[in-house]
Amino acid sequence: MRKPGTKIKFGVYGAATGANSSGWRHPKAAADMGMNIEAAAAMAQLAEDALMDFVFLADSMAMRGHDWEILSRGSTRYVAQFEPLTLLSALAMATTHIGLVATLNTSYEEPYLLARRFASLDLLSGGRAGWNLVTSSNIEEAGNFSREEHPDHAERYDRAIEFAKIVRGLWFSWDDDAFPIDKESGIFFDARKLHPLNHKGKHFSVRGPLNVPPSPQRHPVMVQAGASEPGKELAAEFAETIFGGHATMADAKKFYADVKGRMGKYGRTPNELVIMPGVSIYVADTRDEAQRKRDELLELVDPVVGRDFLKHILGDVIDLSQFGETDHLPRELPPSNANKSYQEKLLKLAHEEKLTLRQLYMRQASKGAYPIIGTPSEVADELQQWFEEEAADGFIFLMDYFPTSLEDFKCQVVPELQRRGLYRTTYEGTTLRENLGLPLPRRP
């Protein structure tokens, strides 16, 4: 049961060129945000002006694909962007309240290094950091880390569970009052309040302690995005926020009940998790005008880029060149070693709605986000319905391009939600955890 007075939460997907694969081509788009700190800072500041909970940065440690001709015609495949923690450290100095969430994967990172970097961001931002825990769905990354093949799905999740336990344990290396820094007594820290980890497991051996003190929110908020069976278990045990993706409200409600229903066996309660599906929003004074906004973006989608995006989502398990634009995908495909849940969702959508190949990649242009189209009142109606029927605690807004998409949200959607008492009028606290309504984490 949701607490009385709970508001809808919102994060913004701060992709370097917008979430839409053709967004960078829009005449009003800031297409260089992945290499322009002024533009990135302006995006974060506008999101903060809109009282959003956090900026969310996706990431990959390799470009998604290796056909340079195809990649040269797109920009949402991690071609040109800042390393996320470096960027968020800069944005922490340009903002005061908005949360700062970055994706780093457990497949090619080391837990101590990741824990240390995120704890540093959390401390320097005053408790506004979040870590999006992923297992890496990009098979291209293996070649950048001295590996011939990408680890298989089961191995990645097995490693991720141990990885997450280590990171969380390292973040509890110190009690909150472990640093008296008493010049008179000469005691800098209280050794009784230090907790070395001394972890020895299947994948890692990590002694600890972490050499970064806790922040005002104890440690970064743990975010997760997987929707496979292992992903849902990982979320139920560790996640405090979930970035979901659902084609219908019915699917979102099923996922919401499923994951929150698993939390009890890990000693957790549903109010310790905020579930936020991804949405793209097209809003205008009339519904026809809002639809035109979406249509003008879809007209810019390059078929070559659209097909290549589908190929990546499907895990390179099928040669799409054998299909025409009006053909349909087979009902079954070999399992993906990339993102299993995304592949399953895509095939389900394609067959239930009988989508052609072109219709399918056009639907995925905004990374498969659920589209909401209409007037401010119509958009708010749909957001309210998802919230009140427990399909979502909030949403991650996949802005198609910056700045217009985010400006439309701030100027048209936010006031309508505030009028209904569904959206904050000021930040509740100074930390990301306070603003999301999450409790302080307990020592594992």
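Note on the range 179-300: Cα-only Rg and Dmax are 22.6, 71 Å. Applying 1/(1 + (r/R0)^6) with R0 = 30 Å to the Cβ-Cβ distance of Arg73 and Glu407 gives a FRET efficiency near 0.65. Across the range 183-197, coupling constants 3J(HN,Hα) worked out from phi with the 6.51/-1.76/1.60 Karplus curve, θ = phi - 60°, read 5, 5, 7, x, 9, 7, 9, 8, 4, 5, 10, 9, 10, x, 7 Hz, and Gly and Pro carry x. Quote the Stokes-Einstein diffusion coefficient, in whole µm² s⁻¹, for the range 382-444, based on the Kirkwood radius over alpha carbon pairs, a temperature of 37 °C and a viscosity of 0.692 mPa s. So the translational diffusion coefficient is about 238 µm²/s.
Quick one: grab the alpha carbon gyration tensor of the range 176-224, order the square roots of its eigenvalues as a ≥ b ≥ c, and give me rounded if a/c is under 1.5, else prolate or oblate depending on whether a/b is larger than b/c. In terms of gyration-tensor shape, oblate.
Distance between the C-alpha centres of the range 42-121 and the range 292-314: 23 Å, rounded to the whole angstrom. Which shape class, rounded, prolate or oblate, goes with the range 246-394 when its Cα gyration tensor gives a ≥ b ≥ c as root eigenvalues, a/c under 1.5 marks rounded, and past that a/b bigger than b/c marks prolate? It is oblate, given that a/c is not under 1.5 and a/b is not larger than b/c. Helix 111-124 and the longest principal axis of the C-alpha atoms of the chain enclose an angle of approximately 90°.
Residues whose amide H falls under 5 Å from that of Lys9, counting only those 5 or more places apart or on a different chain, are Gly394, Phe395, with hydrogens built in the peptide plane. A Cβ-based charge dipole, computed about the Cα centre of the chain with Lys and Arg at +1 and Asp and Glu at -1, lands at about 1160 debye.
Computed from Cα atoms, the angle from the helix 249-262 axis to the main principal axis of the chain rounds to 20 degrees. Over the range 319-368, Cα pairs under 8 Å with separation of 6+ residues give a relative contact order of 48 percent. Spatially, the range 171-208 and the range 237-282 are offset by 33 Å when compared through their Cα centroids. On the range 1-153, 54 percent of the accessible area sits on carbon and sulfur atoms, based on a 1.4 Å probe.
The mean sequence distance of close C-alpha pairs (under 8 Å, at least 6 residues apart), as a share of the length of the chain, puts its relative contact order at 23 percent. Most tightly packed first, judged by the mean number of other beta-carbon atoms within 10 Å of their residues, the peptides 93-104, 268-279 read 93-104, 268-279.
Net length available on complete extension from Thr356 to Asp302 is 17.9 nm, with 0.36 nm assigned per residue and the Cα-Cα distance removed. Averaged over its residues, the chain has an accessible area of 42 Å² per residue, based on protein heavy atoms and a 1.4 Å probe.
The stretch between Thr269 and Lys28, if pulled fully straight at 0.36 nm per residue, gains 82.3 nm over its current Cα-Cα span. The slack in the chain from Glu325 to Phe204, taken as 0.36 nm per residue of separation less the alpha-carbon distance, amounts to 38.8 nm.
Here the range 256-362 is treated with +1 on each Lys and Arg Cβ and -1 on each Asp and Glu Cβ, and its dipole about the Cα centre works out to around 680 debye. Between Ala154 and Glu389, the simple spin-label model (points 7 angstrom out along Cα→Cβ) gives 3.8 nm. The share of accessible area on the range 244-372 that comes from carbon and sulfur is 51 percent, using a 1.4 angstrom probe.
On the beta carbon distance between Asp295 and Asp175, with R0 = 51 Å, the FRET formula returns roughly 0.35. Among Lys200/Lys254; Lys3/Lys345; Lys265/Lys367; Lys9/Lys254; Lys253/Lys367, which pairs are too far apart, with a Cα-Cα distance over 28 Å? Violating the 28 Å limit, Cα to Cα: Lys200/Lys254; Lys3/Lys345; Lys265/Lys367.
Classify the range 311-444 as rounded, prolate or oblate from the Cα gyration tensor: take a ≥ b ≥ c as the square roots of its eigenvalues, call it rounded if a/c is under 1.5, otherwise prolate when a/b beats b/c and oblate if not. In terms of gyration-tensor shape, prolate.
For a modelled paramagnetic label at Gln418, 7 Å from Cα along Cα-to-Cβ, the residues of the range 40-71 in reach, with backbone nitrogen under 15 Å, are 46-53. The angle between the Cα long axis of helix 303-313 and the longest principal axis of the Cα atoms of the chain comes to about 40 degrees, rounded to the nearest 10.
Kirkwood analysis of the range 106-189, using all unique Cα-Cα pairs, places the hydrodynamic radius at 15.1 Å. Karplus-derived 3J(HN,Hα) values for the range 215-226, using 6.51 cos²θ - 1.76 cosθ + 1.60 with θ = phi - 60°, are 9, x, 9, 6, 7, x, 5, 9, 10, 8, 10, x Hz; glycine and proline are entered as x.
The values are calculated or read from the model by the stated rules, or taken from the named source; none is laboratory data. Everything quoted here is computed from the prediction, not taken from an experiment. Cβ atoms come from the backbone with ideal geometry, glycine included; neighbour counts cover every protein chain shown. Remember, those area values only see protein heavy atoms, side chains included, never the ligands or the DNA or RNA. Shrake-Rupley method; radii C 1.70, N 1.55, O 1.52, S 1.80 Å.
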